[in-house]
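Input: a single structure, listed below in structure tokens.
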Amino acid sequence: MRNAELGMRNAERTEAVNQPDLKKRTKAFALRILTLVDTLPKTTAGRALSSQIVRSGTSVAANYRAACRAKSTADFIAKMGIVEEEADETLFWLELLDESKLVPAAKLTAIKQEANELIAITVASIKTARRNRRANSAFRTPNSAVA
């Protein structure tokens, strides 16, 4: 089993999320972000927020793709940490769009929910990878208490 498949769980649902599905989901999220920014007003605030959200929103997919090619569990955990940070930053910019009234709240509900779900999946995946790393390291230590 590849590192990226370890423990991918959506906090809202119990079924596992596999690597190809999450690759598609993060890419779809990036595409939704690109579509959203095209609707923003061409004001100073609109352009500033557009630039920020494009960077962080597309970075979620790019960094998840990099995590799927991690060379080790430690590398996977580090790269998934970046995915978590970028998804959380994207959620911040979405909240700012909402609170600034640049975009109607109803138009942001679904994409904010998706950002929250991607964060939850990422956090759960990191926790599982850490837990599995600790469990596996006990078996590699000759003098461990695990029989």
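The values are calculated or read from the model by the stated rules, or taken from the named source; none is laboratory data. None of the values given here were measured: they were computed from a predicted structure. Positions of Cβ are generated from backbone atoms using ideal geometry, with glycine treated the same way; all protein chains shown enter the neighbour counts.
The table below gives the values:
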{"item": "Odd one out for Ala28, checked against (1) under 28 Å from Thr128 (Cα atoms); (2) surrounded by 17 or more Cβ atoms within 10 Å (Cβ to Cβ)", "result": "(2)"}
{"item": "Residue that is at pLDDT 95 or above, under 17 Å from Ser125 (Cβ atoms) and either in a helix (DSSP H, G or I) or touching a His at 6+ places or on another chain (Cβ under 9 Å) (or both), where the choices are Val37, Val83", "result": "Val83"}
{"item": "Output for region 51-78, where each listed residue is free of Cβ contacts under 8 Å to residues at least 24 places away in the same chain and crowded, with 20+ Cβ neighbours inside 10 Å", "result": "Asn63"}
{"item": "Looking only at region 79-115, and only at residues there that are buried (at least 20 other Cβ atoms within 10 Å of the Cβ) and of a type in the set (Gly, Ala, Ser), the one that is farthest from the chain's Cα centre (by Cα)", "result": "Ala115"}
{"item": "Flag for Phe76 being modelled with pLDDT under 95 and among the aromatic types (Phe, Trp, Tyr)", "result": "no"}
